[in-house]
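Undergrad: My questions all concern the structure below.
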Amino acid sequence: MWIVSLLLLIALGLLGIASWLRQRKPDAAGPLAQLEGIGGWIGLVGLVWGLWSLLLWISAMGLLSAAPVLMIVGLASVLVTIALSLILAMPTVKTLAGSNAFTTKLDETAARLGPFKVILGAICLGLAAWTLVVQLS
């Protein structure tokens, strides 16, 4: 399960920092464009995975006293995944679900989170690195 979370954090992180990365390294535009082509679907999968992970975190909240650092980092990882996934998934969600009151509220929330997209992407990549260090040590 941690491998799926790791891969999702890496993909979300790269999508989050894509605009910043494109400015710094113009030759990375080709591979980034391919990833951005499926960014909405990655965001939708990340949104579902993040909500599922949030439910798992809530069910394991009793471990907060035994492993507080791991639990807090886990919660941060889940919340960042949900936030960045919502930003990326909104075009796909609106295409699949149409325009209604719920998708309008989600779109407003995603618009508020939009300015933090690069920061959320960088945090995702940092959490991916942290996950690798913890799991491989």
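The values are calculated or read from the model by the stated rules, or taken from the named source; none is laboratory data. This is a predicted model, so every value here is computed, not measured. Cβ coordinates were reconstructed from backbone atoms using ideal geometry, including for glycine residues, and neighbour counts include every protein chain displayed.
Undergrad: If you scan segment 50-87, which residues turn out to be within 17 Å of A110 (Cα to Cα) and not aliphatic (A, V, I, L, M)?
TA: G50, T81, S85
Undergrad: Still on this structure: Would you check if there is a residue in segment 5-15 being in contact with a Leu (Cβ under 7 Å, 6 or more places away or on another chain), closer than 23 Å to V93 by Cβ and not aliphatic (A, V, I, L, M)?
TA: So far as segment 5-15 goes, yes, one or more of its residues are in contact with a Leu (Cβ under 7 Å, 6 or more places away or on another chain), closer than 23 Å to V93 by Cβ and not aliphatic (A, V, I, L, M).
Undergrad: Can you name the condition, by its number, that A28 falls short on among (1) over 20 Å from L6 (Cβ atoms); (2) at pLDDT 90 or above?
TA: (2)
Undergrad: Also: For segment 11-49, name all the residues that are under 16 Å from V118 (Cα atoms) and among the polar types (S, T, N, Q).
TA: Within segment 11-49, S19, Q23 qualify.
Undergrad: Okay, next question. Looking only at residues in segment 85-96 that are under 13 Å from the mean Cα position of the chain (by Cα) and within 12 Å of V45 (Cβ to Cβ), which one is surrounded by the most Cβ atoms within 10 Å (Cβ to Cβ)?
TA: Top of the filtered list is L88.
Undergrad: Exactly one of (1) at pLDDT 95 or above; (2) among the aromatic types (F, W, Y); (3) exposed (fewer than 12 other Cβ atoms within 10 Å of the Cβ) is unmet by W2. Its number?
TA: (1)
Undergrad: Exactly one condition in (1) among the β-branched types (V, I, T); (2) touching a Gly at 6+ places or on another chain (Cβ under 7 Å); (3) under 27 Å from V134 (Cβ atoms) is not met by T92; state its number.
TA: So T92 meets the others, but not (3).
One line per residue, one yes/no per condition, for (1) free of Cβ contacts under 8 Å to residues at least 24 places away in the same chain; (2) more than 22 Å from L132 (Cβ to Cβ); (3) among the acidic types (D, E); (4) surrounded by 17 or more Cβ atoms within 10 Å (Cβ to Cβ):
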position	(1), (2), (3), (4)
R22	yes, yes, no, no
A29	yes, yes, no, no
L47	no, yes, no, yes
S53	no, no, no, yes
L64	yes, yes, no, no
I72	yes, no, no, no
G98	yes, yes, no, no
